1. Right, THR89: polar (S, T, N, Q), within 20 Å of ARG140 (Cα to Cα) and over 14 Å from the mean Cα position of the chain (by Cα) or not?
2. Report yes if LEU98 is touching a helix residue (DSSP H, G or I) at 6+ places or on another chain (Cβ under 7 Å) and surrounded by 18 or more Cβ atoms within 10 Å (Cβ to Cβ), otherwise no.
3. Confirm whether ARG45 is touching a residue at least 12 places away in the same chain (Cβ under 8 Å) and either assigned to a loop (DSSP other than H, G, I, E, B) or surrounded by 15 or more Cβ atoms within 10 Å (Cβ to Cβ) (or both).
4. Working only within segment 77-103, note down all residues that are assigned to a helix (DSSP H, G or I), in contact with a Leu (Cβ under 7 Å, 6 or more places away or on another chain) and either β-branched (Val, Ile, Thr) or touching a residue at least 60 places away in the same chain (Cβ under 8 Å) (or both).
5. If you go through segment 48-67 one residue at a time, how many are surrounded by 12 or more Cβ atoms within 10 Å (Cβ to Cβ) and among the aromatic types (Phe, Trp, Tyr)?
6. Just the residues that are modelled with pLDDT of 95 or more, surrounded by 14 or more Cβ atoms within 10 Å (Cβ to Cβ) and either aromatic (Phe, Trp, Tyr) or assigned to a helix (DSSP H, G or I) (or both), please, taken from segment 1-14.
7. Within the bounds of segment 32-42, is there any residue that is loosely packed, with under 14 Cβ neighbours inside 10 Å, modelled with pLDDT under 95 and either among the basic types (Lys, Arg) or in contact with a His (Cβ under 8 Å, 6 or more places away or on another chain) (or both)?
8. Take the conditions touching a helix residue (DSSP H, G or I) at 6+ places or on another chain (Cβ under 6 Å) and modelled with pLDDT of 95 or more and apply them to PRO50. Does it pass?
Amino acid sequence: MSLDELEYVGFWPRVGAALIDTVLTCLIIWPILSLIYPDYWVSERMVQGPADVLLSWVLPAVAVLLFWIKRQATPGKMAIGARIVDARTGAAASPLQLLIRYLGYFPAALLLLIGLIWVAFDPRKQGWHDKLAGTVVVRRKGGNTEPVHFDAGPN
């Protein structure tokens, strides 16, 4: 598929994809945390222990990066037919780009989420995390949810 057949994915579809990913993550992690830490939901402590850090921070980061590397998308992005690609070539983003993109969520979320909301106003629908990593989120024109396969040809 050529870049001419693709469109940048905007703010609201990406919010929907993030909600899908969040619900799936919570459905997996919360029951496990509740078993390990019976008072998890009533405790005033921010972090309950090592398993909390592992399940709440490390596991989601690893899962997201693996999905991005293997599928160019998380389940939420797959549900809307979106893929993360290199902004210059349209080819799959490199693992380093994807790591930078993930880490870029943190500064993008600071200052009232402005770096994430930026997607709504940017011509290429890039958040700060995308700009840092040199990535864009695309899908077939018209929002088609069929899988996207890219040619590695010239731009």
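1. On the way: polar (S, T, N, Q): yes; within 20 Å of ARG140 (Cα to Cα): yes; over 14 Å from the mean Cα position of the chain (by Cα): yes.
Considered against the rule, which asks whether it is polar (S, T, N, Q), within 20 Å of ARG140 (Cα to Cα) and over 14 Å from the mean Cα position of the chain (by Cα), THR89 comes out as yes.
2. On the way: touching a helix residue (DSSP H, G or I) at 6+ places or on another chain (Cβ under 7 Å): yes; surrounded by 18 or more Cβ atoms within 10 Å (Cβ to Cβ): yes.
Yes, satisfied.
3. Values: touching a residue at least 12 places away in the same chain (Cβ under 8 Å): no; either assigned to a loop (DSSP other than H, G, I, E, B) or surrounded by 15 or more Cβ atoms within 10 Å (Cβ to Cβ) (or both): yes.
Answer is no for this residue.
4. Selection gives ILE100 alone.
5. So the count comes out to 1.
6. Hits for segment 1-14 are TYR8, PHE11, PRO13, ARG14.
7. no
8. Working: touching a helix residue (DSSP H, G or I) at 6+ places or on another chain (Cβ under 6 Å): no; modelled with pLDDT of 95 or more: yes.
Considered against the rule, which asks whether it is touching a helix residue (DSSP H, G or I) at 6+ places or on another chain (Cβ under 6 Å) and modelled with pLDDT of 95 or more, PRO50 comes out as no.
The values are calculated or read from the model by the stated rules, or taken from the named source; none is laboratory data. Since the model is a prediction, treat every value here as computed from it, not as a measurement. Positions of Cβ are backbone-derived with ideal geometry, glycine not excepted, and every protein chain shown enters the neighbour counts.
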